[in-house]
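J.: Before we start, here is the structure in question, set down as structure tokens.
The values are calculated or read from the model by the stated rules, or taken from the named source; none is laboratory data. Just so it is clear, the structure is predicted and the values come from calculations on it, not from any experiment. Positions of Cβ are backbone-derived with ideal geometry, glycine not excepted, and every protein chain shown enters the neighbour counts.
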Amino acid sequence: MRSLVPSRSTVNKILALAGIVIIFVQLVLIAETRLQVIVVLLGILLNQIGTWGLAGHVMPERRKYLQLRSEVDRFLGLVRRLNTDAVSGYDAGVDEAKAAMHQSVDRMASVAGVTETPEREG
């Protein structure tokens, strides 16, 4: 079942578009200069919030499988390291990165389907 809460990307697009609409509508409907300035500033603010993707910072996290996501992020870092070492000809680094990638895949398998985050120690 799909959630009724829009995605962060959708909210950002709506905010950016709303900012543009507010700016254009004020040109047609508002005659008072001070009010025009306030409305334009509001439109610019909404547009920038949407453009820079700032709405995501106030929206709740929708991901369920946070441990898996974290491990995938680590794996992507290992892919970058592997490529850097391969390009520079550092064979020992390539072997280390490959071994770390295998361990990461094993960790991914162990956290796949887990919906809760581990307790923090300390």
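J.: Does any residue of the range 58-66 turn out to be out of contact with any Lys or Arg (no Cβ under 9 Å at 6 or more places or on another chain), part of a helix (DSSP H, G or I) and at pLDDT below 90?
T.: Yes, the range 58-66 contains a residue that is out of contact with any Lys or Arg (no Cβ under 9 Å at 6 or more places or on another chain), part of a helix (DSSP H, G or I) and at pLDDT below 90.
J.: Criterion first (at pLDDT below 85 and either farther than 25 Å from Val114 by Cβ or not assigned by TED's automatic domain parsing to the domain that holds Asp106 (or both)) does Ala31 satisfy it?
T.: So Ala31 fits the description; yes.
J.: Go through (1) among the aliphatic types (A, V, I, L, M); (2) surrounded by 13 or more Cβ atoms within 10 Å (Cβ to Cβ); (3) modelled with pLDDT of 85 or more; (4) farther than 30 Å from Ala16 by Cβ for Val114 and report which single condition fails.
T.: With respect to (1) among the aliphatic types (A, V, I, L, M); (2) surrounded by 13 or more Cβ atoms within 10 Å (Cβ to Cβ); (3) modelled with pLDDT of 85 or more; (4) farther than 30 Å from Ala16 by Cβ, Val114 is out only on (3).
J.: Additional query: Name the residues in the range 21-43 that are loosely packed, with under 15 Cβ neighbours inside 10 Å and part of a helix (DSSP H, G or I), would you?
T.: Hits for the range 21-43 are Val21, Phe24, Val25, Leu27, Val28, Leu29, Thr33, Arg34, Leu35, Val37, Ile38, Leu41.
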